[in-house]
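The values are calculated or read from the model by the stated rules, or taken from the named source; none is laboratory data. None of these values were measured; they are calculated from a predicted model. Glycine also receives a Cβ, built like all others from the backbone with ideal geometry; neighbour counts cover every protein chain displayed.
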Amino acid sequence: MAGEKHTISGKAHIVRKYVPREISADIGRLLNSMPVVVLTGMRQVGKSTMLVNDPQFADREYVTLDDPVLQVALRENPDSELSSYNRVTIDEAQKEDGLFLAIKRAVARDATRGRFLLSGSASLPLKKATAESLAGKAIYRRIMPMTRREISRDIKQEPFLLSFIRKPRKVRNLDVKPVTDDEVMRGGMPQVVLSTKEAGEIWLAGYEQTYLERDILYLSRIENLVGFKTMLRLLATRTGQILNLNQVATDAELPHNTAKRYLGLLEELFIFQRVFPYTRSLRSGIKKSPKLFLSDTGIACHMAGCRNLSGHPLRGFMYETYTFQNLLGIMEAHSAEWTVNYWRIDETREVDLVIDTREQVVGIEIKAGEQLRKKDIRSLRTFMEAVPECRVCILAYNGVEVVDLGEGIWAVPLGLIIR
């Protein structure tokens, strides 16, 4: 089996018109520094398509553990199989436990930079295996759903937010396109945003079933599929909001510990992400309730039954989720060391997102509306008074002008924040 290249299944990911992903440049940079790079992200987010089609990886061999022949080869004779590859990308790497020890041995013999690029759609198996076998030899990145920058094929320029944080300023002669309800409802999954609206809706309708069949059942940790599906829909209606898991468990008629385990599984599969409160004391922050975000607003709107966001009670939360997923996509590609939190004292004093760049802290309040109101900046002022390390705050609104609101607070169009 050694020496035989299993690349046939990779052909399924070749596309005629590949839309470049912004994170590919950073993955290429990391491959020039580390022997093992691990790319994660939820299923169907575009990992395999990027790894097969992006010019960054054109000189690499591509294999996938969706190929049962390769799985058997790695199980029976992993050292010999891996020795037949020079610079190899191994997709769905979490599907063969013995792979990671074999990679550890291979790297011990030859730690050539960029030798292994691993990808997968389940975080815990990958992180556990690499932590045990490849400590100090591997680095992680996560690919998010397509950002607005990627969808519009506009990733060559530096993201506006990065330059604005460095130097807040008024911007002249803007050509800002407000974020639309349709964009939020479509989200960023490639099969949705690169297809017609009708085709995208059909894909979203099938995603939940595909997800249950391919990911949940693969991990074999769901005893109550009906309760799990109910919980999934309930969580979708709570995206962008502070999580009350006890209430979710009650509404889904699940024991609390079961709901907690299911949520952990959804995080392993990158469907949801918890965002914890910003605090200078890590210990106290862990005790507070997190916010919950579904990773894609197209999936969130579909599962929450949102067919029209105009006047919908979830509209503001969906816009916040859309901004969050875009910012996370930008950060993963450019500033992966940055962290995202939120800040809250009570219902009237809350900041939607807090970005810690390690050099400064930036508070961002997100509004779906086009008008600026004085009450929208009260929480930002309170946050700046409470957090001395914060020198800049942003009111992200759906208008078209950058406005200096004084004392370090700026109103910036959503269309610029995620551009």
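Determine the pairs where a residue that is more than 19 Å from C306 (Cβ to Cβ), located within the stretch 192-218, has a partner that is exposed (fewer than 15 other Cβ atoms within 10 Å of the Cβ) and modelled with pLDDT of 75 or more with Cβ atoms under 7 Å apart, the partner being 6 or more residues away or on another chain. Close Cβ pairs (under 7 Å, with a partner that is exposed (fewer than 15 other Cβ atoms within 10 Å of the Cβ) and modelled with pLDDT of 75 or more) amount to L212/L225. Checking every residue in the stretch 345-352 against the condition of being out of contact with any Gly (no Cβ under 7 Å at 6 or more places or on another chain) and at pLDDT 95 or above gives at least one match.
The set of residues in the stretch 43-61 that are among the aliphatic types (A, V, I, L, M), touching a residue at least 40 places away in the same chain (Cβ under 8 Å) and either out of contact with any strand residue (DSSP E or B) (no Cβ under 8 Å at 6 or more places or on another chain) or surrounded by fewer than 24 Cβ atoms within 10 Å (Cβ to Cβ) (or both) comprises V45, M50, V52. Against the conditions (1) loosely packed, with under 15 Cβ neighbours inside 10 Å; (2) in contact with a helix residue (DSSP H, G or I) (Cβ under 7 Å, 6 or more places away or on another chain); (3) of a type in the set (V, I, T), T237 satisfies every one except (1). In the stretch 66-75 there is no residue that is buried (at least 19 other Cβ atoms within 10 Å of the Cβ), free of Cβ contacts under 8 Å to residues at least 60 places away in the same chain and under 30 Å from P20 (Cβ atoms).
All of (1) of a type in the set (D, E); (2) at pLDDT below 95; (3) within 20 Å of R115 (Cβ to Cβ) hold for D26 with one exception: (2).
Within the stretch 20-42, the residues that satisfy the criterion of being touching a residue at least 12 places away in the same chain (Cβ under 8 Å) and surrounded by fewer than 19 Cβ atoms within 10 Å (Cβ to Cβ) are P20, A25, D26, G28, N32, S33. Residues of the stretch 315-328 include none that is small (G, A, S), surrounded by fewer than 24 Cβ atoms within 10 Å (Cβ to Cβ) and out of contact with any Lys or Arg (no Cβ under 8 Å at 6 or more places or on another chain).
Filtering the stretch 134-171 to residues that are more than 30 Å from E268 (Cβ to Cβ) and acidic (D, E) leaves D154, E158.
Highlighted here are the helices (runs of 4 or more DSSP H) found entirely within the stretch 20-102 that include at least 1 residues which are closer than 30 Å to Y207 by Cα and more than 23 Å from the chain's Cα centre (by Cα): 68-76.
Against the condition of a type in the set (A, V, I, L, M), touching a residue at least 12 places away in the same chain (Cβ under 8 Å) and more than 15 Å from G240 (Cα to Cα), how does A368 come out, does it pass?
Numbers: of a type in the set (A, V, I, L, M): yes; touching a residue at least 12 places away in the same chain (Cβ under 8 Å): yes; more than 15 Å from G240 (Cα to Cα): no.
For A368, the condition - of a type in the set (A, V, I, L, M), touching a residue at least 12 places away in the same chain (Cβ under 8 Å) and more than 15 Å from G240 (Cα to Cα) - is not met.
All of L254, L194 fail the test of being in contact with a helix residue (DSSP H, G or I) (Cβ under 6 Å, 6 or more places away or on another chain) and over 30 Å from W343 (Cβ atoms), apart from L254. The residue pairs whose first member lies in the stretch 326-338 and is over 12 Å from S24 (Cα atoms), whose second member is aliphatic (A, V, I, L, M) and in a helix (DSSP H, G or I), and whose beta carbons are closer than 6 Å, counting only pairs six or more residues apart or on different chains, are W338/M331. Among the residues of the stretch 317-333, are any at pLDDT below 95 and polar (S, T, N, Q)? No; the residues of the stretch 317-333 include none that is at pLDDT below 95 and polar (S, T, N, Q). Selection over the stretch 142-178 of residues that are surrounded by 15 or more Cβ atoms within 10 Å (Cβ to Cβ), part of a loop (DSSP other than H, G, I, E, B) and out of contact with any Gly (no Cβ under 6 Å at 6 or more places or on another chain) gives a count of 3.
Could you look through the stretch 218-234, keep only residues that are surrounded by fewer than 20 Cβ atoms within 10 Å (Cβ to Cβ) and under 22 Å from the mean Cα position of the chain (by Cα), and pick out the one that is modelled with the highest pLDDT? Give the steps one after another, and end with the answer.
Our first condition is that a residue be surrounded by fewer than 20 Cβ atoms within 10 Å (Cβ to Cβ); within the stretch 218-234, this holds for 218-227, 229-230, 233-234.
Then drop every residue that is not under 22 Å from the mean Cα position of the chain (by Cα), which leaves 218-219, 229, 233-234.
On the way: Y218: 61, L219: 63, K229: 86, R233: 93, L234: 97.
The qualifying residue modelled with the highest pLDDT is L234.
For the stretch 356-385, what are the residues that are modelled with pLDDT of 90 or more, assigned to a helix (DSSP H, G or I) and surrounded by 13 or more Cβ atoms within 10 Å (Cβ to Cβ)? Of everything in the stretch 356-385, those that are modelled with pLDDT of 90 or more, assigned to a helix (DSSP H, G or I) and surrounded by 13 or more Cβ atoms within 10 Å (Cβ to Cβ) turn out to be I377, R378, S379, L380, R381, T382, F383, M384. Assess whether I394 counts as being within 20 Å of L314 (Cα to Cα) and outside the structural domain of V37 (by TED's automatic domain parsing). No, not satisfied.
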